[in-house]
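Chemist: Pasting a structure below so you can have a look.
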Amino acid sequence: MASRPSYYLTTAITYPNGEPHIGHAYEYISADVMARFKRLDGFDVRFLTGTDEHGQKVQQTAEREGLTPYELATRNAQAIKRVDDEVLGISYDRFIRTTDKDHYRASQSIWQRMLDAGDIYLDKYSGWYSVRDERFFADDETEVREDGARYAVETGTPVTWTEEESYFFRLSAYQEKLLELYRTQPEFAAPASRFNEVIRFVEGGLEDLSISRTTFDWGVPVPKELTAGDTDLNHVMYVWVDALTNYLTGAGFPETDSEEFTKRWPADLHIIGKDISRFHCIFWPAFLMSAGLELPKRVMIHGFLHNAGEKMSKSVGNVVAPAAWTETYGLDTVRFFLLREFPYGQDGSYTHEAVVGRKNSDLANNLGNLAQRSLSMIVKNCEGAIPEPGELHPEDNKILEQAESLLSISRDAYQGQQFHRALERTWYVLGEANAYFADQAPWKLKKTDETRMRTVLYVTAEVLRKVSLLIQAVMPTSATKLLDALGVEAGGDAGATNASNTGPRSLAAFGDSLTPGSPISKPEPIFPRHE
Ligand code: ME8
């Protein structure tokens, strides 16, 4: 399988200063769906996720909890990993922690390269810093509120005045090169609306970036040999320098000549949320340009998930844990809902009613019922095996062609992370299949024209096979049950981890058809209604 093309994708790495919520789950799930689809479609996938453990935010939370930062990070990294493994079935290949040894090496190596390029110099930083955002703000990006305290305008988080010796990265020198990147690689970031915000910001001019801290020590050290010998202080890297570098560590950096690195870098896709687009679309490519490394092919910026239209926040008490959802609705329903309900890239809102609506109409009715009704008829009337179809009528061909078209539509949609498009179109075809089944009424044909009944059941089962193949990435467990019932043989790349990956069916089989005479079984109810 050595010749399979590589596909390397990543999520943002989460701050381990608390438990993950459904907004984080949204990101993990969407990346997982992308990874699974690519695996099923014949790619050699590497899928990286993990935790961003350094910085003041984690250090301060640890102090409050009476733990060392490493203890806090370890506890919460384990909690996040447990959610990935046990609650969401995320098929990552590596869960990276930025406290991993190889990551220190990678971070120091990229620093060295930027230093060698002449892009790092010592100066003094004075300005505002938001610990919650781990981000510097210029004076005019902050405001004093009624309580007398100062806040970042954009994010609403408190800022504190910071004055310290710091190394700087010559970001200002990259303005033109970045603008050229955006011009020549319009697919570099998406959606366009968010990409345009980034472009406008860069057009407005860039200031050099403070990339080290001296007033606390929870970070990747900047060893003295990585300085120009111009400081007596101990510097640690600004957390975003090491955080972004995790994508390189995950590809085997700094071993740039290794087989792994050559195969995996540049990354095909970084999936991130809208609050960190500047870090990924400005700082990250600038660091890489400076270090003489290739740039990622794409940054997909997803929106935020809101609880009934309201921002999730601990103080409002409306933060939802992923397990609360999967226990109530089932994992596959949650995955389907999050990707089907709103366009990927835009903000989305959820309510209990909306999830139940999707579950009952799209899953229980459109898919579940059609599968139950058609497969039970086959089991009962066709000796429990795929029937031999008679001559195909135009209406048979029409629905078969619609199902056939779903592969290229889905591929295109996935290529642009337009998950909702793939699902929307798939459910449109399922709607057509339901109408076909109702019009053809095989239960009536049973009395009048058995050959025709067999044809209609064959065609319906074949549409279900194609749909099931395509929805494996989104609903691995349910799709597997359907494909099992249809007697479709397993084969394909299961990815590295976890049980819900058993029995994948490669999309290479999409263009085949069901074999008459092959045994099928009536599926146990796969998509029960939510009462
Ligand atoms: O930003 N809806 O970590 P983080 C959707 N460590 N996505 C959400 C969300 C919501 N309500 N809340 C958060 C960081 N996210 C950095 C990343 S990457 C080199 C370093 C997303 O724990 C958020 O946009 O604050 C980000 O992509 C991810 O969850 C982790 O957020």
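Chemist: Would you mind checking the tilt of helix 192-203 against the longest principal axis of the Cα atoms of the chain, expressed as 0 to 90 degrees and rounded to 10?
Modeler: On a 0 to 90 degree scale, this one is about 20.
Chemist: Over the alpha carbons of region 293-405, what is the largest minus smallest coordinate on each principal axis, giving the biggest first in Å?
Modeler: 63, 43, 25
Chemist: Near Phe188, within a Cβ-to-Cβ distance under 9 Å, what is the net charge of the other residues, with Lys and Arg +1 and Asp and Glu -1?
Modeler: My count for the surroundings of Phe188 gives +1.
Chemist: Also, I was wondering about something else. Based on other C-beta atoms within 10 Å, arrange Tyr70, Tyr92 from fewest to most.
Modeler: Tyr70, Tyr92
Chemist: Here's something else I'd like to know. Distance between the C-alpha centers of region 29-87 and region 99-121? Whole Å please.
Modeler: Centre-to-centre distance over Cα atoms comes out at 22 Å.
Chemist: Among the lysines, which have Cα under 25 Å from the Cα of Lys81 when same-chain residues fewer than 8 positions away are ignored?
Modeler: Cα-Cα hits under 25 Å: Lys38, Lys57, Lys101, Lys274, Lys311, Lys314.
Chemist: In debye, nearest 20: dipole of the chain around its Cα centre with unit charges on the Cβ of K, R (+) and D, E (-)?
Modeler: Approximately 1720 debye in magnitude.
Chemist: Packing-wise, with mean Cβ within 10 Å as the measure, how do 473-482, 15-24, 251-260 rank, highest first?
Modeler: On the way: 473-482: 23.7, 15-24: 20.9, 251-260: 16.5.
Answer by packing, highest mean first, reads 473-482, 15-24, 251-260.
Chemist: Per-residue HN-Hα couplings for region 224-237, Karplus 6.51 cos²θ - 1.76 cosθ + 1.60 at θ = phi - 60°, whole Hz, x for Gly and Pro?
Modeler: After applying 6.51 cos²θ - 1.76 cosθ + 1.60, I find 4, 6, 9, 10, 8, x, 9, 9, 9, 7, 8, 9, 10, 5 Hz.
Chemist: For the Cα atoms of the chain, what angle does the longest principal axis make with the long axis of helix 331-340, in degrees from 0 to 90, nearest 10?
Modeler: 80 degrees
Chemist: Follow-up. Let me spell out the model: positive unit charges on the Cβ of Lys and Arg, negative unit charges on the Cβ of Asp and Glu, origin at the Cα centre of region 347-491. What dipole size does that give, in debye rounded to 20?
Modeler: Approximately 340 debye in magnitude.
Chemist: Related question: Take Met289, Met34, Met377 and order them by how many other Cβ atoms sit within 10 Å, fewest up front.
Modeler: Listing Met289, Met34, Met377 from fewest to most nearby Cβ atoms yields Met289, Met377, Met34.
Chemist: Compute the FRET efficiency between Glu180 and Glu143 as 1/(1 + (r/R0)^6), taking r as their Cβ-Cβ distance and R0 = 35 Å, and round to the nearest 0.05.
Modeler: Values: r = 34 Å, r/R0 = 0.98.
The formula returns an efficiency of 0.55 here.
Chemist: Show me, bin by bin at 20 Å from 0, the whole-percent P(r) of the chain based on Cα pairs.
Modeler: The percentages, shortest bin first, are 21, 49, 23, 7, 0.
Chemist: How large are Rg and Dmax for region 354-519 when calculated on the C-alpha trace, in angstrom?
Modeler: 15.7, 51
Chemist: Which one, Thr11, Gly156, Gly127, projects farthest toward the positive side of the charge dipole computed for the chain from Cβ point charges (K/R +1, D/E -1)?
Modeler: Thr11
Chemist: Something else now. Show that you can apply the helix-only estimate: for the chain, add -39,500 (n - 2.57) for every DSSP H stretch of four or more residues, divide by all residues, and state [θ] at 222 nm to the nearest 500. Write down the numbers at each step before the final one.
Modeler: Values: 19 runs with 225 residues, N = 531.
Result for the chain: -13000 deg cm²/dmol, rounded to the nearest 500.
Chemist: Now for a different question. Arrange Ile378, Ile120 by Cβ neighbour counts within 10 Å, fewest through most, would you?
Modeler: The fewest-first ordering by Cβ neighbours comes to Ile120, Ile378.
Chemist: Counting DSSP beta bridges with both partners in the chain, what percentage is antiparallel, nearest 5?
Modeler: Taking every DSSP beta bridge with both residues in the chain, the antiparallel ones total about 50 percent.
Chemist: Please identify every one of the trypsin sites (Lys or Arg not before Pro) in region 289-322 that sits in a loop by DSSP and has no more than 11 other beta carbons within 10 Å of its own beta carbon.
Modeler: Taking region 289-322 and a limit of 11 other Cβ atoms within 10 Å, the loop trypsin sites (Lys or Arg not before Pro) found are Lys314.
Chemist: So, one more: For region 245-389, give me the percentage of DSSP beta bridges that are antiparallel, rounded to the nearest 5 percent.
Modeler: 10 percent
Values in this text are rule-based calculations from the coordinates and carry no lab data. Quick caveat: nothing in here was measured; it's all calculated off a predicted structure. Neighbour counts are summed over all protein chains in view; Cβ atoms, including those assigned to glycine, are modelled from backbone coordinates with ideal geometry.
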